[in-house]
Amino acid sequence: DGRRFLAIVPPNGAKKGQTFKCFMREIDTPGPTVPTGAWRDRICDCFRLGCMHVVLWNTLICPLLALGQIMTRMQLDVFGRKLKTRVDAWSTMWGIGTFWIAMNVFIYTGHHYKMVNQLYVTMPDYIAFSVLNATMLIYFIYAIAATRQAIRKKYLIRENRCYDLEDYCCATFCAPCSIGQMARHTAPYEDGLEAYACTRTGLDEEAVDLEYVNKLFSSTNE
């Protein structure tokens, strides 16, 4: 019907008659894939995509992994630092989360063993449990804030309140909502892009890479 679309073919190219799956967008559609100058929606718009959307439940049940998907999308390491090489922060987040759970199970098992055998749970036992979880909480807040800062810097988004502290306030008091906002901002789900819970970027691994498609759109619209 005369419309032109931008699509990314498989790594080895496409042959005539071959079918493949990817995210497509009309070339003549104005505007970038990711909004610049303001967030795509508000931090409390958690249900904007529906009550059963993958992003909503991923941020509620597995916020650490959801954050890792956003970091991988943005080419950030687990400390929110921009890298030139391809990174897989999602897999690293799996390791961090697994280690944290394993250590908690180990400490709890030790506490339970002592109580069953009528032994005293000493102060170092409590300190170990407190330090482990406090460290994890501090890291979680820092990682969210650093990722949020990276997104705001890339897409020229100004703080609206709590100047110089907005990212940390959102990470501390609204962690799942903040992660959900970043996930929705960096992927055009409303355009039909499907969300996935267990992929490195939260997107279809066969779909386009967002960093790449942004470069293509910027060159197309110039």
Original post:
Here are some residues: Phe129, Phe106. Which one is out of contact with any strand residue (DSSP E or B) (no Cβ under 9 Å at 6 or more places or on another chain), in contact (Cβ under 8 Å) with a residue 24 or more places away in the chain and either open to solvent by 30 Å² or more (accessible area, probe 1.4 Å) or over 30 Å from Asp191 (Cα atoms) (or both)?
Top reply: Phe129
**OP:** Name the residue, out of Trp100, Trp90, Trp94, that is free of Cβ contacts under 8 Å to residues at least 60 places away in the same chain and within 13 Å of the chain's Cα centre (by Cα).
**Re:** Trp94
Original post:
Of the residues that make up the range 112-120, is at least one out of contact with any His (no Cβ under 6 Å at 6 or more places or on another chain), surrounded by 15 or more Cβ atoms within 10 Å (Cβ to Cβ) and on the phi < 0 side of the Ramachandran plot?
Top reply: no
Subject >> Criterion (open to solvent by less than 30 Å² (accessible area, probe 1.4 Å), in contact with a strand residue (DSSP E or B) (Cβ under 9 Å, 6 or more places away or on another chain) and not in a loop (DSSP other than H, G, I, E, B)) met by exactly one of Ala145, Ala183 >> reply: Ala183
**OP:** State all residues of the range 148-173 that are part of a helix (DSSP H, G or I) and over 20 Å from Gln69 (Cα atoms); if no residue qualifies, say none.
**Re:** Glu166, Cys169, Phe173
Subject >> Filter pass, Val9 being touching a helix residue (DSSP H, G or I) at 6+ places or on another chain (Cβ under 9 Å) and either small (Gly, Ala, Ser) or at pLDDT below 90 (or both) >> reply: no
Original post:
Is there a residue being modelled with pLDDT of 95 or more, aromatic (Phe, Trp, Tyr) and over 19 Å from Met182 (Cα atoms) anywhere in the range 17-24?
Top reply: no
**OP:** Within the range 169-187, track down each residue that is more than 11 Å from Leu49 (Cβ to Cβ) and not hydrophobic (A, V, I, L, M, F, W, C).
**Re:** Thr172, Pro176, Ser178, Gln181, His185, Thr186
Original post:
Looking at (1) polar (S, T, N, Q); (2) out of contact with any helix residue (DSSP H, G or I) (no Cβ under 6 Å at 6 or more places or on another chain); (3) in a helix (DSSP H, G or I), which is the one condition that is false for Thr72?
Top reply: (2)
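The values are calculated or read from the model by the stated rules, or taken from the named source; none is laboratory data. Not measured: the values here are computed from a predicted model. Heads up, the Cβs are rebuilt from the backbone with ideal geometry, glycines too, and the neighbour counts pull from every protein chain shown. These area figures cover heavy atoms from the full protein model, side chains too; ligands, DNA and RNA do not enter into them. Shrake-Rupley method; radii C 1.70, N 1.55, O 1.52, S 1.80 Å.
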